[in-house]
Amino acid sequence: MNKRTFLDIDDTILMKNLILPENKSINDKLIKPDSKPFFIIQPIPGICVKTKTDTGEKIFLNICISDKIPSPDDISDVKLFEILSEENPQFVIPMSIGSERFESDKCGSPCVTYDVVINTTYFEKCQKNKNFLLFTISVIMDGVSNKFNKILNTEDYVILKNRKVMGKLQQHRIENREPRVHTETKKKLIEEIKTPISNIHEKQKNISSETNVISKLDYVLLKQFLEGTSIHLIGLFQIPKGITSKEIEVLLNEDRIVIIIEKTGTTCDLSIPYIINIESVKCVLDSNFRVLRLDMPVKKALENIQNN
């Protein structure tokens, strides 16, 4: 009987024979371990935002927090608006956007859900400062839209009061690198409009000529560039504590905004260098942050109004 010698088989030879030549480069990438440094974080619930896409699909955004996410520069409201008005804005909010998954809403229907993690300290700042919160939500929606090729409604979203998170938060695998900074942009995305309050057309004075003005509302007026040449104005007005929507009177002309609160004797009367589409203006009062928001589509810009 012949002696037999058993040899150990190199299984990599079998694998190479099984891999199609045209798929070799793809398989090499799959088999090769990721050499980039990374770390794992477990997000902590923050707030949950509900919105919809342009097709009506319900979307939940779990805005979560972690100390392991870098914090953006600690700047003031004024500095924020100055940065956003620059040709190439440099302000960056580091965040980690998780993968898309489905969670059941209160009716049991599956809804698309995303976990977005930001720095804990910065989130606390947003909780205290409504301007940063609104801006951050807008940036997060823009990031999710770009990553998953969806158009999210940035106007009619809701911050859920009784729920901080939708579903179970997933762990995030974070590459250990510096945040990406976009140094080039084709145009300013948002800019502050510097409008004089005293520069009002003579023909419009009858709107508030009989109003007894005691104090003026603090406000911020932003200009947002949309697709093409479209322009959208966003007005944020600080409302006194204890005021309801029924106690606020909003008067609009095509190039003028007047807000009156008779209960506190407060008013805001300003002209704007644009003709707005009054029929499409949306007005929402956020009672939690005491902010009245006006979303105003623009028809055209005016050239005969001079800003100080």
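Before moving on, here are some points about what is shown:
- From the options I278, I272, residue that is closer than 27 Å to I159 by Cα and at pLDDT 80 or above: I278
- Within segment 205-230, the residues that satisfy the criterion of being modelled with pLDDT of 70 or more and closer than 20 Å to V284 by Cβ are L217, D218, Y219, V220, L221, L222, K223, Q224.
- Among the residues listed as V117, V78, the single one being outside the structural domain of Q238 (by the TED database), surrounded by 15 or more Cβ atoms within 10 Å (Cβ to Cβ) and not basic (K, R): V117
- All strands (runs of 3 or more DSSP E) inside segment 220-301 with 1 or more residues being surrounded by fewer than 19 Cβ atoms within 10 Å (Cβ to Cβ) and polar (S, T, N, Q): 231-238, 249-253
- Residue match in segment 147-164 (condition: out of contact with any strand residue (DSSP E or B) (no Cβ under 6 Å at 6 or more places or on another chain) and outside any loop (DSSP other than H, G, I, E, B)): yes
- Single condition Y122 does not satisfy, out of (1) closer than 25 Å to K168 by Cβ; (2) in a helix (DSSP H, G or I); (3) out of contact with any Pro (no Cβ under 9 Å at 6 or more places or on another chain): (3)
- In segment 81-110, residue surrounded by the fewest Cβ atoms within 10 Å (Cβ to Cβ) [restricted to those that are more than 28 Å from R163 (Cα to Cα) and out of contact with any helix residue (DSSP H, G or I) (no Cβ under 9 Å at 6 or more places or on another chain)]: E87
- F289 being among the aromatic types (F, W, Y) and either in the same structural domain as V139 (by the TED database) or modelled with pLDDT of 85 or more (or both): no
- D142 being of a type in the set (D, E), in the same structural domain as I47 (by the TED database), in a loop (DSSP other than H, G, I, E, B) and more than 13 Å from I63 (Cα to Cα): no
- V117 meets the conditions (1) assigned to a loop (DSSP other than H, G, I, E, B); (2) out of contact with any helix residue (DSSP H, G or I) (no Cβ under 8 Å at 6 or more places or on another chain); (3) aliphatic (A, V, I, L, M) in every case but one. The failed one is (1).
The values are calculated or read from the model by the stated rules, or taken from the named source; none is laboratory data. All values reported here derive from a predicted model rather than from experimental measurement. Backbone-built Cβ (ideal geometry, glycine too); neighbour counts: all protein chains shown.
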